[in-house]
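Just below is one structure, and these are the notes that go with it.
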Amino acid sequence: MLKKIVLAGGTGFIGQYLERTYTNQGYIVHIISRQPGQISWDDEAAMIVALENAGMVINLAGKSVNCRYNEKNKREIYESRTRTTEALGKAIEKCQNPPQLWINSSTATIYRHAEDRPMTESTGELGTGFSVDVGKAWEDIFFRFNLPETRQIALRLAIVLGADGGVMNPYINMVRYGLGGKQGEGKQMFSWIHIEDVYHIIEFLKQRKDLNGIFNASSPNPVTNKELMEQMRKVMGRRRGLPAPEWMLEMGAVFIGTETELILKSRWVLPERLEKAGFHFKYDRLDRALWQILQEQKQEQEQF
């Protein structure tokens, strides 16, 4: 196999991080997206060429869920995940020398709202509602493919934290402008993962050829929303922050075009399979992750 990786939907926050990281390591990185100058989702022949002899394909495609869940957006969220996964699977089926490993994104939001106990791969209960239905359909299409030469892994990603994107900037701005208190009751669990650990998980799974199926990609130490905001204020040197009750969040969500589910759903997810397999997180605690991210942002600002 060539030192080649395919990133499907590789133009977002996670994809750009992985592209930089693997390119710096000397990999040939092909990106499938809808952006000009990259392999198009409509060009199956070009997808097959890119996939031939690739060591790994990582599918991150999907419209951002940071929007209002009207019918148009719901359809695009659903189809941008299911159709791209199906297109990728059909292209792999036609390869003479298919990728050894196919990692497909999934979502930790597939589990139910949980304030009573954590959700693991073995004991987690799937929830209900639009976001859960999307996650179920996404995984169903992914595992529907029978690819004897390609190992398949679905990563149920928690909220990914990093310096160059994701959810960090909105939280930082809330704290900066005095709104860094709890959101809602503050009891809802916040499952998270540092983007560097996402990369380390991918590398771990690439090496462990005995592993396949579903993995929770989340820190072993989730926190409550109240604890999240307390730690955000601490690392940013802010003693106090105004809380945001649920009615205020509902009004704000409409104004900025998003959904309160992103803040109010309790995601209590643990990486049981990864830990049992021997994976060790570099950023296992939120305070370490936040300090690193803020220091990196500060260094980047000082360069300009």
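Taken over the stretch 182-219, the criterion of being part of a helix (DSSP H, G or I), touching a residue at least 60 places away in the same chain (Cβ under 8 Å) and out of contact with any Gly (no Cβ under 9 Å at 6 or more places or on another chain) is satisfied by Asp197, Tyr199, His200, Ile201, Ile202, Leu205.
Can you pull out every residue in the stretch 110-119 that is surrounded by fewer than 17 Cβ atoms within 10 Å (Cβ to Cβ) and in contact (Cβ under 8 Å) with a residue 24 or more places away in the chain? Once the filter is applied, which keeps residues that are surrounded by fewer than 17 Cβ atoms within 10 Å (Cβ to Cβ) and in contact (Cβ under 8 Å) with a residue 24 or more places away in the chain, the stretch 110-119 yields Glu115, Arg117.
If you go through the stretch 77-91 one residue at a time, do you hit one that is of a type outside the set (A, V, I, L, M), touching a Leu at 6+ places or on another chain (Cβ under 8 Å) and either surrounded by fewer than 13 Cβ atoms within 10 Å (Cβ to Cβ) or free of Cβ contacts under 8 Å to residues at least 24 places away in the same chain (or both)? No - not one qualifying residue is present in the stretch 77-91. Tell me whether the stretch 125-145 contains one or more residues that are under 18 Å from the mean Cα position of the chain (by Cα) and among the hydroxyl-bearing types (Ser, Thr, Tyr). Taking every residue of the stretch 125-145 in turn, at least one turns out to be under 18 Å from the mean Cα position of the chain (by Cα) and among the hydroxyl-bearing types (Ser, Thr, Tyr).
For (1) in contact with a helix residue (DSSP H, G or I) (Cβ under 6 Å, 6 or more places away or on another chain); (2) on the phi < 0 side of the Ramachandran plot; (3) aliphatic (A, V, I, L, M); (4) part of a loop (DSSP other than H, G, I, E, B), each residue gets a yes or a no:
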| site | (1), (2), (3), (4) |
| --- | --- |
| Trp247 | no, yes, no, no |
| Glu250 | no, yes, no, no |
| Phe255 | no, yes, no, no |
| Glu275 | no, yes, no, no |
| His280 | no, yes, no, yes |
| Tyr283 | yes, yes, no, yes |
| Lys298 | no, yes, no, no |
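Considering (1) more than 23 Å from the chain's Cα centre (by Cα); (2) under 26 Å from Val198 (Cα atoms), the lone condition that Ala277 does not fulfil carries the number (1). If you filter the stretch 220-239 down to residues that are modelled with pLDDT of 90 or more and in a loop (DSSP other than H, G, I, E, B), you find that the one that is surrounded by the most Cβ atoms within 10 Å (Cβ to Cβ) is Pro222.
When Ser64 is tested against the conditions (1) modelled with pLDDT of 95 or more; (2) hydroxyl-bearing (Ser, Thr, Tyr); (3) within 18 Å of Val198 (Cβ to Cβ), the lone failure is (1). Yes or no: Asn216 in contact with a helix residue (DSSP H, G or I) (Cβ under 7 Å, 6 or more places away or on another chain) and either crowded, with 18+ Cβ neighbours inside 10 Å or at negative phi (or both)? Taking the combined requirement at face value, the residue satisfies it. Residues in the stretch 43-100 that are in a loop (DSSP other than H, G, I, E, B), within 30 Å of Gly252 (Cβ to Cβ), out of contact with any helix residue (DSSP H, G or I) (no Cβ under 7 Å at 6 or more places or on another chain) and among the charged types (D, E, K, R): Arg68 alone. Restricting the stretch 130-178 to residues that are of a type in the set (Phe, Trp, Tyr) and either at pLDDT below 95 or farther than 25 Å from Leu18 by Cβ (or both) leaves a set whose member that is surrounded by the most Cβ atoms within 10 Å (Cβ to Cβ) is Tyr171. Among the candidates Asn97, Asn104, the residue that is closer than 27 Å to Tyr199 by Cα and either touching a Ser or Thr at 6+ places or on another chain (Cβ under 8 Å) or without any contact (Cβ under 8 Å) to a residue 12 or more places away in the chain (or both) is uniquely Asn104. Pairs linking a residue in the stretch 262-280 that is under 14 Å from Thr123 (Cα atoms) to a residue that is at pLDDT 95 or above and part of a helix (DSSP H, G or I), with Cβ atoms under 9 Å and 6 or more positions apart or on different chains, are Val269/Ala108; Pro271/Ile201. None of Leu179, Leu161 is among the hydrophobic types (A, V, I, L, M, F, W, C) and not in a loop (DSSP other than H, G, I, E, B) except Leu161.
The values are calculated or read from the model by the stated rules, or taken from the named source; none is laboratory data. Since we're looking at a predicted model, the values are computed, not measured. Glycine also receives a Cβ, built like all others from the backbone with ideal geometry; neighbour counts cover every protein chain displayed.
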